[in-house]
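These notes are about the structure you will find just below.
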Amino acid sequence: MNTIKQLTIKNDRNQPIKSISHQDIYSLHDLLEQLNSWQNALNLLNDFFSDKQRPVNKKKIASNYYACSQIFSIFHNDFTQTLTKMEQQITELRQKEKVRY
């Protein structure tokens, strides 16, 4: 009887290395870029909410409130969806087949 022995590629800690394609890496990178694209909008919101000028300009706050609330609402929805996608991709990457040769 002829038995074939498969070798598994292992890392320094003697654990099998997972097979991750470039497409998997690019897909995860795209989600990271999507989250990074919110940086300017979040800085705008941070400026709005951290405005500590005295006396408080109620007209300015009232006129900017609606726009900032819309930006936050859109960000929150996008962030939640992106976070869910990223969690799914990470779960899939963890379940990938181990590299063998």
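For every residue, the table says whether it meets (1) open to solvent by less than 80 Å² (accessible area, probe 1.4 Å); (2) more than 26 Å from residue 97 (Cβ to Cβ); (3) at pLDDT below 75.
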| site | (1), (2), (3) |
| --- | --- |
| 21 | yes, no, no |
| 25 | no, no, no |
| 32 | no, no, no |
| 52 | no, yes, yes |
| 71 | yes, yes, no |
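If you scan the range 23-78, which residues turn out to be more than 20 Å from the chain's Cα centre (by Cα) and part of a loop (DSSP other than H, G, I, E, B)?
Across the range 23-78, the qualifying residues are 50, 51, 52, 53, 54, 55, 56, 57.
The values are calculated or read from the model by the stated rules, or taken from the named source; none is laboratory data. Predicted, not measured: the structure shown is a model, and the values here were computed from it. Cβ: placed from backbone, ideal geometry, glycine included. Neighbour counts: every protein chain shown. What goes into the accessible areas is simple: the full protein's heavy atoms, side chains included, and nothing from ligands, DNA or RNA. Shrake-Rupley method; radii C 1.70, N 1.55, O 1.52, S 1.80 Å.
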